[in-house]
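Trainee: The structure's right below; bear with me while I get my questions together.
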Amino acid sequence: MLDIGGLRSRYGRIPVLHGIDLQVRAGELVALVGANGAGKTTLLRALSGVQPSSGRITFEKQEIQALGAEARVALGIVQCPEGRQVFGPLSVEDNLRLGAYRRGRAQAQHSLARAYALFPALAERRRQAAGTLSGGQQQMLAIGRALMAQPRLLLLDEPSMGLAPRLVAEIFAAIRGLRAADTALLLVEQNAAAALAIADRGYVLETGRVALAGSGAGLLADAGVRAAYLGL
């Protein structure tokens, strides 16, 4: 579904990504792990079209590196950003509906029902201001808003950041459910053990380069990965 070749990106004169090669197959969950500053978020932004990049990005056999962010959303590439970034004064339901701005009313209503089925806590608080939700509920809202665009490939950036262990388990259960529903996912996550445990495949980024790649289970069992990223 997604094939990246020689992807590079920089902030001003400072290079961040140094020729990334990466693939995501249809219906697959791929984890991207690495230390802070390795370039994980920059990679997702480059794929979304909100960060300048060079190299080749092919999505479902179409080269998209020259397309803007809105065109990539129309093709089915949707990002759930780090830090949730909900619209605090707006209601939960209004936040969700903003995710479906490109779609018709009937399609949006169908996606809204799906989001509420995935996260019942949001349905109970649909009229509540998003800024008054707990951190875990805001993360559910951010994922639900991304799903409103009906992504074919969902880019998830640090969904467990700042959450209590019980809520982390709930978020990861929802992510497993999305994979079961045949949504392809590229998951960036500081909790490397949790991410690799549910991933079909994984990539380890170091200073803007792919250091290791393999199955999620294989990377989880790798002594180097365990020592460097899992604290084991």
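The values are calculated or read from the model by the stated rules, or taken from the named source; none is laboratory data. What you are looking at is a predicted structure, and each value in this text was computed from that prediction instead of being measured. Note that each Cβ is placed from the backbone with ideal geometry, even for glycine, and that neighbours are counted across all protein chains shown.
Trainee: Would you point out which residue out of A199, A211, A184, A193 is of a type outside the set (D, E) and free of Cβ contacts under 8 Å to residues at least 60 places away in the same chain?
Mentor: Criteria check complete, one pass: A193.
Trainee: Further question: Which residue out of A149, A195, A142 is modelled with pLDDT of 90 or more, of a type in the set (A, V, I, L, M) and part of a loop (DSSP other than H, G, I, E, B)?
Mentor: Going through A149, A195, A142 in turn, just one is modelled with pLDDT of 90 or more, of a type in the set (A, V, I, L, M) and part of a loop (DSSP other than H, G, I, E, B): A149.
Trainee: Suppose the filter is under 25 Å from L98 (Cβ atoms) and either in contact with a Cys (Cβ under 7 Å, 6 or more places away or on another chain) or buried (at least 19 other Cβ atoms within 10 Å of the Cβ) (or both); does G144 pass it?
Mentor: So G144 fits the description; yes.
Trainee: Further question: So, in segment 102-123, exactly how many residues are of a type outside the set (A, V, I, L, M) and out of contact with any helix residue (DSSP H, G or I) (no Cβ under 9 Å at 6 or more places or on another chain)?
Mentor: Final tally of qualifying residues: 6.
Trainee: Are any residues in segment 87-117 of a type in the set (S, T, N, Q) and either farther than 12 Å from M148 by Cα or free of Cβ contacts under 8 Å to residues at least 12 places away in the same chain (or both), and if so, which ones?
Mentor: The answer is S91, Q109.
Trainee: Could you run through segment 165-192 and say how many residues are among the charged types (D, E, K, R) and either at pLDDT 95 or above or touching a strand residue (DSSP E or B) at 6+ places or on another chain (Cβ under 7 Å) (or both)?
Mentor: Looking only at that region, the number is 2.
Trainee: When the residues of segment 1-44 are filtered to those that are among the hydroxyl-bearing types (S, T, Y) and part of a strand (DSSP E or B), which remaining residue is surrounded by the most Cβ atoms within 10 Å (Cβ to Cβ)?
Mentor: Checking each candidate, the answer is S9.
Trainee: Shifting gears a bit: If you go through segment 174-192 one residue at a time, how many are of a type in the set (G, A, S), surrounded by fewer than 20 Cβ atoms within 10 Å (Cβ to Cβ) and part of a helix (DSSP H, G or I)?
Mentor: Going through segment 174-192 one residue at a time, the tally reaches 3.
Trainee: Counting only residues that are buried (at least 17 other Cβ atoms within 10 Å of the Cβ) and over 11 Å from L155 (Cα atoms), how many does segment 74-86 have?
Mentor: Matching residues across segment 74-86 total 2.
Trainee: Quick one: in segment 45-68, of everything that is in contact (Cβ under 8 Å) with a residue 60 or more places away in the chain and surrounded by fewer than 21 Cβ atoms within 10 Å (Cβ to Cβ), which residue is nearest to A181 (Cα to Cα)?
Mentor: Among those residues, the one meeting the criterion is E60.
Trainee: I want to confirm something. Restricting to segment 202-225 and keeping residues that are part of a strand (DSSP E or B) and among the small types (G, A, S), which single residue is surrounded by the most Cβ atoms within 10 Å (Cβ to Cβ)?
Mentor: G202
Trainee: Restricted to segment 156-173, and to residues that are of a type outside the set (A, V, I, L, M, F, W, C) and in a loop (DSSP other than H, G, I, E, B), which residue is surrounded by the fewest Cβ atoms within 10 Å (Cβ to Cβ)?
Mentor: Per the stated criteria, the residue is G162.
Trainee: So R84 passes all but one of these: (1) free of Cβ contacts under 8 Å to residues at least 12 places away in the same chain; (2) part of a loop (DSSP other than H, G, I, E, B). Which condition number does it fail?
Mentor: That leaves (1) as the condition not met.
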